[in-house]
Structures are given as C-alpha cells and as structure tokens.
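See structure below.
Readers should treat all values here as calculations from the given coordinates under stated rules, not as data from a laboratory. All figures in this text were calculated on a predicted structure; none of them were measured in a lab. Here Cβ is always computed from backbone atoms with ideal geometry, including for glycine, and neighbour counts include all displayed protein chains.
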Ligand SMILES: [Zn+2]
Ligand SMILES: [Zn+2]
C-alpha cells in the first residue's frame with residue numbers, strides 16, 4: 001500500500017455519495033483542497049514549542065474532526081508529512097501535514113482525528129467563524145510566549161491531564 005492509498009483509506013472517499021461538505025478548506029496555493037461533513041468535536045489553542053516553531057507563530061489554533069468526516073478533494077499527491085518527534089518526513093502518526101507546493105501547514109493528523117487549522121477554511125469575507133470552531137481552551141499554556149486575556153480554561157499541558165493556570 002502506498003502512502004497515498006494508506007492516507008486515502010483513513011478518510012471519506014471521493015465516491016461516498018452520503019458525504020456533503022459543510023465547510024471547505026484550502027492551502028495558500030489552492031493545490032490542496034478538502035471538505036468536512038460535520039462540526040468540529042472540539043477546538044483549542046496550543047502553545048507548545050513544536051507548534052510555535054513549525055507554525056512560525058506564537059500559538060496554533062486547531063479544530064478537531066474524525067477522519068471519516070474529512071474528504072480530500074484535490075492535491076492528495078501534494079501532501080507532505082512530518083513527524084516532529086522523530087524528525088522524519090514520513091507519515092508516522094501523529095504527524096504534520098503540509099502542501100508540497102506552498103508549504104502551508106494543513107493539519108495535524110492523529111491516529112483517528114484530523115486537527116484542522118481553521119485559518120485555511122472559507123468562512124466568507126469578512127470571515128464569519130462558526131461557534132463550533134471557536135477555541136474552548138488553551139493547552140500547553142505553561143509554554144506560552146504571549147498572554148491571552150480571555151475566559152477560556154488554560155491548561156499548563158494537555159487538556160484534563162495537567163494543572164489549570
Ligand atoms: Zn499549497
Ligand atoms: Zn502544540
């Protein structure tokens with residue numbers, strides 16, 4: 001099984017007639033496009049050093065979907081994978097998924113879940129972000145480089161597995 005086939009098998013297939021895209025996302029160069037058929041099951045902001053470095057940003061905003069609710073419609077052959085723990089460009093889960101053409105980070109692919117980056121979604125202009133995508137907590141807040149003045153729970157590390165700050 002090629003990486004492409006293994007990847008495809010985990011997600012909703014192109015031929016699945018029951019799949020209706022509720023929201024659509026694409027990378028900067030449009031080579032990679034995908035849709036999701038459900039609302040996110042959770043949404044959070046991660047302040048861990050890996051996200052800070054790989055995203056070149058103070059934090060990472062992720063909305064979490066089951067992979068069966070995700071369908072890649074374009075650019076499957078453009079996807080690149082990076083396992084930060086092993087520092088290997090291979091699809092060893094969990095890993096970062098990016099576009100080979102423009103370098104946009106597309107998602108964190110876990111074993112069962114797809115942690116989408118909502119900035120890639122088309123929410124209109126100006127964007128109207130659905131309530132389900134709004135972050136519900138901060139994680140790895142103990143590693144933050146920027147304070148957040150909001151009422152959301154702030155976990156020092158993983159959600160429900162670390163101290164609330
Ligand atoms: Zn791209
Ligand atoms: Zn992180």
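Tabulated data
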{"item": "Selection within segment 31-58 - surrounded by 13 or more Cβ atoms within 10 Å (Cβ to Cβ) and away from ligand 2 (no atom under 16 Å from the Cβ)", "result": "31, 32, 33, 34, 35, 36, 37, 38, 39, 40"}
{"item": "Subset of segment 52-89 (residues that are more than 16 Å from ligand 1 (Cβ to nearest atom) and in contact (Cβ under 8 Å) with a residue 60 or more places away in the chain)", "result": "52, 58, 59, 61, 63, 71"}
{"item": "Close pairs (8 angstrom Cβ cut-off, 6 or more residues apart or separate chains): in contact (Cβ under 8 Å) with a residue 24 or more places away in the chain and farther than 18 Å from residue 41 by Cβ in segment 100-120, away from ligand 1 (no atom under 13 Å from the Cβ) and assigned to a strand (DSSP E or B) anywhere", "result": "105/96; 106/116; 119/61"}
{"item": "Residues that are touching a strand residue (DSSP E or B) at 6+ places or on another chain (Cβ under 7 Å) and not in a loop (DSSP other than H, G, I, E, B), drawn from segment 133-165", "result": "133, 137, 138, 139, 141, 154, 155, 164"}
